[in-house]
1. Return the total of residues in region 218-240 being free of Cβ contacts under 8 Å to residues at least 60 places away in the same chain and either on the phi > 0 side of the Ramachandran plot or not basic (Lys, Arg) (or both).
2. Before we move on, is Val123 in a helix (DSSP H, G or I), out of contact with any Asp or Glu (no Cβ under 7 Å at 6 or more places or on another chain) and not acidic (Asp, Glu)?
3. Within region 274-288, restricting attention to residues that are more than 15 Å from the chain's Cα centre (by Cα) and closer than 19 Å to Leu35 by Cα, which residue is surrounded by the fewest Cβ atoms within 10 Å (Cβ to Cβ)?
4. Restricting attention to region 98-110, and to residues there that are modelled with pLDDT under 85 and in a helix (DSSP H, G or I), which single residue is surrounded by the most Cβ atoms within 10 Å (Cβ to Cβ)?
5. Scan region 16-53 for residues that are assigned to a loop (DSSP other than H, G, I, E, B) and within 13 Å of Val277 (Cα to Cα) and jot them down.
6. Is it true that some residue in region 182-191 is among the β-branched types (Val, Ile, Thr), assigned to a helix (DSSP H, G or I) and over 21 Å from Ala124 (Cα atoms)?
7. Across region 142-158, what is the number of residues that are more than 22 Å from Gln238 (Cα to Cα) and either touching an Asp or Glu at 6+ places or on another chain (Cβ under 6 Å) or not in a loop (DSSP other than H, G, I, E, B) (or both)?
8. Could you list, in sequence order, all residues of region 122-162 that are hydroxyl-bearing (Ser, Thr, Tyr) and exposed (fewer than 11 other Cβ atoms within 10 Å of the Cβ)?
Amino acid sequence: MFRRKALDDQTPAALLFAGPALLGLTLFIAVPFLLAVVLAFTNLRLGSPLPLEFVGLKQFARIFSDPGFRRALFNNMMFAVVVVPLQTGIALGLALLLNHGLRGTVVFRTLFFMPVVFPMSLVAVIWILIYAPGASGMMNAFLEMITWGAWQPRDFLRDPWLALPALMLLSVWQGAGFQMVILLAGLQSVPEELYQAAALDGAGRWPQFLHVTLPQLRNPLIFVVLVTTILAFRLFDQVQLMTRGGPQDATTVVMFETVQAAFTRQQVARACAMAVVFFIIVLFITWLQRRLLRQQSEVA
């Protein structure tokens, strides 16, 4: 009873401190999303002389029958399927290396994390130079060197088969440092006694990694995978700055299609319908990931 009364006494102070954050979430996230949901059921188009009308599910039927939207959704799926496990695996490997107390750990940790704090406009300019076509381009020169001249120079950002993988490589490089810091913090919180007990039982490095490190990293790994998945589906900056959805729609993604519909073609209702569908898809994938990871933990 006294504990409940103490919590009730702290409620006004908690609301006071949380108030600005809740107000910001309401004004800049909840209200715009609800407005987008309402507009998705209309025929709103900027500059159109037609009156605003309620059209029901017509906008949703139109976007699902649009090959461009389906291609954008497929590209988003492919990007997430490749980037999330690859980026997580690289970040885990870097975290394991830095956790061994190597000389210069602070320097390497800083270097690995630096791409995360760089603005995407700067990162895009750097990688446009790296992907420069012709034999003088850094990526072409590197691939030609390691293949002993067998590699023929390619224009990565204008090749329909290489443009999306080029964006994937950039994103893995730019985001692995963030995951590494989270996983490194998780590794440093693992009790040393667990490794000592495993060593006394005769477990080598690999069994220790499977039966001690990974179970102890469960929560950081879940957080990293969920955040990386959400960021992978929010892909926009790289596409806008480097490829503009090309070549031949090879890198068009849902957020790019949504922005093009809203601000280039002025189809506001269509863009709102895309945003709502995309939100539901990402929400479902996030829920599915959490459920599958929870079930695997219960089985283990």
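The values are calculated or read from the model by the stated rules, or taken from the named source; none is laboratory data. Bear in mind that the values here come from a model prediction, so they are computed numbers and not experimental data. Here the Cβ is made from the backbone with ideal geometry for all residues, glycine too, and neighbour counts use every protein chain on show.
1. Narrowing region 218-240 to residues free of Cβ contacts under 8 Å to residues at least 60 places away in the same chain: 219-220, 223, 227, 230-231, 234, 236, 240.
Filter once more, so that each one left must be either on the phi > 0 side of the Ramachandran plot or not basic (Lys, Arg) (or both): 219-220, 223, 227, 230-231, 236, 240.
Residues in region 218-240 being free of Cβ contacts under 8 Å to residues at least 60 places away in the same chain and either on the phi > 0 side of the Ramachandran plot or not basic (Lys, Arg) (or both): 8 in total.
2. Numbers: in a helix (DSSP H, G or I): yes; out of contact with any Asp or Glu (no Cβ under 7 Å at 6 or more places or on another chain): yes; not acidic (Asp, Glu): yes.
Judged against the criteria, Val123 is a match.
3. Per the criteria, the residue is Ile280.
4. So the first thing to find is which residues in region 98-110 are modelled with pLDDT under 85, and the list is 100-110.
Add one more test, that the residue is in a helix (DSSP H, G or I), and what stays is 105-110.
Working: Thr105: 14, Val106: 9, Val107: 9, Phe108: 15, Arg109: 17, Thr110: 11.
Per the stated criteria, the residue is Arg109.
5. First pass over region 16-53, keeping only residues assigned to a loop (DSSP other than H, G, I, E, B): 40-41, 43-53.
Listed by number, the residues that qualify are Ala40, Phe41.
6. For region 182-191, residues among the β-branched types (Val, Ile, Thr), assigned to a helix (DSSP H, G or I) and over 21 Å from Ala124 (Cα atoms): present.
7. Qualifying residue count, region 142-158: 6.
8. Residues of region 122-162 that are hydroxyl-bearing (Ser, Thr, Tyr), as a first pass: 131, 136, 147.
Within region 122-162, Ser136, Thr147 meet the criteria.
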